[in-house]
1. Pick out the long, greasy-scoring helices in the chain: whole DSSP H runs spanning 24 Å or more along their own axis by Cα, mean Kyte-Doolittle at least -1.0.
2. Using only helices, what value at 222 nm comes out for the chain when you add -39,500 (n - 2.57) per DSSP H run of length 4 or more and divide by the total residues, to the nearest 500 deg cm²/dmol?
3. Considering only ALA191, ALA82, ALA118, give the residue with the highest GNM mean-square fluctuation for the chain, with springs between Cα atoms whenever their separation is below 10 Å.
4. Quote the relative contact order of the chain in percent (integer), defining contacts as alpha-carbon pairs under 8 Å separated by 6+ residues.
5. For labels at ARG88 and SER18 in the simple 7 Å Cα→Cβ model, what's the distance in nm?
6. For the chain, modelled as a GNM with alpha-carbon contacts under 10 angstrom, which of THR64, THR196, THR27 fluctuates the most?
7. For the chain, modelled as a Gaussian network with Cα springs under 10 Å, which listed residue fluctuates most, THR156, THR53, THR30?
8. The list [x] 91; [y] 121; [z] 133 gives values of volume of the Cα convex hull per residue in Å³, and only one came from this structure; which label was calculated from it?
Amino acid sequence: LLDRRARDTASTSPPDVSEIELRASITARTGSLREALDLLLDAANHAESPDATAIALADAVHATVYLGDARTAAQLAERLEALRSRVREPRARALGLMATGMARTLAGHGGTDDIRAAVPLLEADPELRHDSRRLSWLLLAPLFLRDATSGARLRTLVAEVRGAAGIGALPAVLFHVARDQATTAASWARAEADYTESIRLAAETGQATELAM
């Protein structure tokens, strides 16, 4: 009877959003992006605060960018826009703005203003530079804006902490660093070196998504 009650309690307990997000991160990196997107939408639907919801939705947008799924990205941008006035934490606001901008860019409906608004928040938030799963987000603004001025501080922040990032985070970080470098002819040699290192680490750690990118 006690075992049955324990099972019943477990079945009615709310899901652990942080656990779902971790599973989604692993799933995305190992190549199952559609499954990761579903997990992140589940996390957003069960999050207990607007801030947690915004972060899960932002991660979901990131998955749609890898998938090239503009339709879902646009829908997620609408959800983030509706949620924005209730988001309070700097990290959640930064990721929400950045994700809305990326989603709208992918869907062909603007997005630049949101990305520009995210830049000072990304620069000021100390949490992101120590969040191994989202460190590469710091490079998304300069990649989307192609603006050397607004992206300079973000590039510096990533350069300062990339050496401390765990091996699991490095394939994504190095891919974004190399992609940024590859847009400037003077940095092609560094881009090739960082791409090569990202490929090696992605292969060694089984990160099929970053390897494919």
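The values are calculated or read from the model by the stated rules, or taken from the named source; none is laboratory data. The model shown is predicted, which means the values in this text are computed figures rather than measured ones. Neighbour counts are summed over all protein chains in view; Cβ atoms, including those assigned to glycine, are modelled from backbone coordinates with ideal geometry. For accessibility, only protein heavy atoms count, side chains too; no ligands or nucleic acids. Shrake-Rupley method; radii C 1.70, N 1.55, O 1.52, S 1.80 Å.
1. Details: long enough: 50-67 (25 Å, 0.93); 90-107 (25 Å, 0.38); 188-205 (25 Å, -0.56).
Within the chain the helices that satisfy the rule are 50-67, 90-107, 188-205.
2. Helix-only estimate at 222 nm: -23000 deg cm²/dmol.
3. Result: ALA82 has the largest fluctuation of those listed.
4. On the way: 292 pairs, mean separation 29.9, N = 213.
Relative contact order for the chain comes out at 14 percent.
5. Each label point is offset 7 Å from its Cα along the Cβ direction, giving 1.9 nm.
6. Highest fluctuation of the listed residues: THR196.
7. Of the options given, THR156 has the highest mean-square fluctuation.
8. [z]
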